[in-house]
Amino acid sequence: MAHGLSVWSLVPSLLALVAYALAVMPGAGALARRALPLAWGLHGVAGLAHLLGLGLVMEGARFGFAPALSATAWLVLAVHAVESRFVPLPGIRRLLAALGGSTLVLALLYPGEGGLHPSSPWAPLHWMLGLASYGLVAAAVLHAAWLDRAERTMRLRMKKPGPQAETSAPALPLLTLEKLTYRFVWAGFVVLSLALVLGVWVTPVWHWDHKTVFSLLGWLVLAGLLAGRQAFGWRGRMATRGLYAGAVLLLLAYVGSRFVLEVLLHRTAFIAMAGP
């Protein structure tokens, strides 16, 4: 496990965990609703301080598999904050708070490596685009899971009319939920494409490593999914399974390879300067 957390990242992380815990608590009412945006803000402060290595002797950016997951969860919460202003999304506050809190704990346990210096002034933009694509695809996966659950509930109601158990899916028509899901897929695909193009540009020496191979495979799967929907009208489980497969490949591209290096192999190799 990597060590070395500064007070600039530790304090807001601990405060964010307290706020996330309040948001998860049942029956907290208005307090829980206010706790989630507070936790999100503190989470962002902690992530930025950690990424910049504030308060640490070793200068340079810091990153790893757990901070990448934490940043992805933070972006999903940001998407929820915006989306909830336009469409009803009841019953998911606890799920998102648990997601944010668990990834933040993971980032505290495995903070990653420090002293990383970009090989190009454009490399930080490549990193940010990569994280943004992770967040958008993760939001698409979350919506796809709701879509699958809503479809299962609808089929059960058709087979057994009568009152059904309450689900955690948003109270949205299926077509609206499907449209939202694939808007996120499109957004994630476009941002991922920009990240890959910029990554080729800023990388001094091209390597066919795990990150490159899985990133390109994930891009191809998402491209095939979007093309299939346009050309053949793919919908339902076939489409969502394609989305899940693409998301898993993207997860393996950076998070999976870094997890193996940092945890399973206990290695302390620096992150490649091309970024996540």
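The values are calculated or read from the model by the stated rules, or taken from the named source; none is laboratory data. Note that the structure is a prediction, hence the values are computed from the model and not measured. Don't worry about glycine lacking a Cβ; one is built from the backbone with ideal geometry, like all the others, and counts go over all protein chains shown. Quick note on the areas: whole protein, heavy atoms, side chains included, nothing else; ligands and nucleic acids left out. Shrake-Rupley method; radii C 1.70, N 1.55, O 1.52, S 1.80 Å.
Points worth noting:
- Search result, residues across segment 180-218 that are open to solvent by 60 Å² or more (accessible area, probe 1.4 Å) and at pLDDT below 90: V200, W201, P204, V205, W206, H207, W208, H210
- Residues being in contact with a helix residue (DSSP H, G or I) (Cβ under 7 Å, 6 or more places away or on another chain), at pLDDT below 85 and outside any helix (DSSP H, G or I) - total across segment 234-270: 2
- Segment 62-82, residues that are open to solvent by 20 Å² or more (accessible area, probe 1.4 Å) and modelled with pLDDT under 90: F63, H80, A81, V82
- Candidates are the residues of segment 21-43 that are at pLDDT below 95, part of a helix (DSSP H, G or I) and not aliphatic (A, V, I, L, M); the one that is nearest to A66 (Cα to Cα) is P37.
- Top-ranked residue in segment 45-60 [being within 21 Å of A123 (Cβ to Cβ) and either in the same structural domain as L264 (by the TED database) or touching a helix residue (DSSP H, G or I) at 6+ places or on another chain (Cβ under 6 Å) (or both); ranked as modelled with the lowest pLDDT]: L54
- Condition met for R229 (of a type in the set (K, R) and open to solvent by 80 Å² or more (accessible area, probe 1.4 Å)): no
- Residue ID - farthest from V263 (Cα to Cα), chosen from residues in segment 85-115 that are at pLDDT below 80 and buried (at least 17 other Cβ atoms within 10 Å of the Cβ): L89
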